[in-house]
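Single-structure report; data block below.
None of the figures in this text is laboratory data; all of them are computed from the coordinates on show. In this text, all values refer to a predicted model and were calculated from it rather than measured experimentally. Note that we place each Cβ from the backbone using ideal geometry, even for glycine, and neighbour counts take in every protein chain shown.
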Amino acid sequence: MPGHPGNGRVLDTDWADVETITRWKHKCVSSHGARCENPIKVWPTRPAWLVDAQKHCIVPGFEPVDCATISYTYGSHTQPIMTSNALKEPQELFALATPEFSDLVSPIIRRAMYLIPAIDERYLWVDALCVTHHDPGVASHHLRSLGTIYTNTVVTIIATDGDSGFWIPGVKGIFGP
């Protein structure tokens with residue numbers, strides 16, 4: 001790019017190329033290694049719950065696995081409140097892919113669940129599904145841990161266009177612009 005002091009790449013503004021995103025993620029992990037795993041030296045935090053994007057269900061987060069996160073706004077859409085009773089059924093295999101849970105899984109979360117495996121990840125942490133509100137103390141602890149949860153993930157999808165009622169647009173091979 002003329003006049004640019006470093007290397008640059010002109011990207012198609014309507015499309016995100018999954019192969020490029022995956023290549024960038026792998027290059028970041030392989031070339032930065034341990035330097036980037038905990039750059040601000042926060043205590044590692046394991047989320048209590050994760051979304052398994054391959055099995056479309058919620059799983060306990062106590063296993064030390066890599067996960068991705070999504071950052072988005074709720075907007076005018078009311079997010080359902082996850083309680084311990086409501087958490088049982090979404091743990092069944094492929095439960096989150098059923099019409100029964102269409103209100104629980106907003107469009108942006110559903111799209112993230114399809115994007116995550118495409119970039120070679122399996123688990124997704126999303127507050128609407130992974131923070132339980134049955135115990136105010138537990139919910140408060142999870143909400144205070146948001147920064148460390150985001151810091152300890154491999155990649156964060158940042159949805160800047162719209163809110164939870166919108167789709168993630170323009171991912172080649174997955175969804176249109």
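Residue by residue, what Karplus-based ³J(HN,Hα) values in Hz, rounded to whole numbers, does the stretch 40-57 have, using 6.51, -1.76 and 1.60 with θ = phi - 60° and x for Gly and Pro?
9, 6, 9, 5, x, 10, 9, x, 5, 9, 9, 9, 8, 6, 7, 9, 6, 8
For Lys25, Lys88, what ranking results if the residue with the fewest other Cβ atoms within 10 Å of its Cβ goes first?
Ranking Lys25, Lys88 by Cβ neighbours within 10 Å, fewest first, gives Lys88, Lys25.
Taking the number of other C-beta atoms within 10 Å as the exposure measure, put Thr148, Thr98 in order starting with the fewest.
Fewest-to-most ranking of Thr148, Thr98: Thr98, Thr148.
Sequence-distant or interchain residues sharing an amide H contact under 5 Å with Ser71, placed H: which?
Under 5 Å from the amide H of Ser71: Ile157, Ile158, Ala159.
Exposure proxy check: Trp125, Trp15 ranked by fewest other beta carbons within 10 Å?
Trp15, Trp125
Calculate how many DSSP beta bridges within the stretch 18-158 are antiparallel, expressed in % of all such bridges and rounded to the nearest 5.
Approximately 50 percent, going by the DSSP bridge assignments.
Which cross-chain or sequence-distant (5 or more) residues have an amide H under 5 Å from the amide H of Ala16, H modelled 1.01 Å from N in plane?
Val171, Lys172
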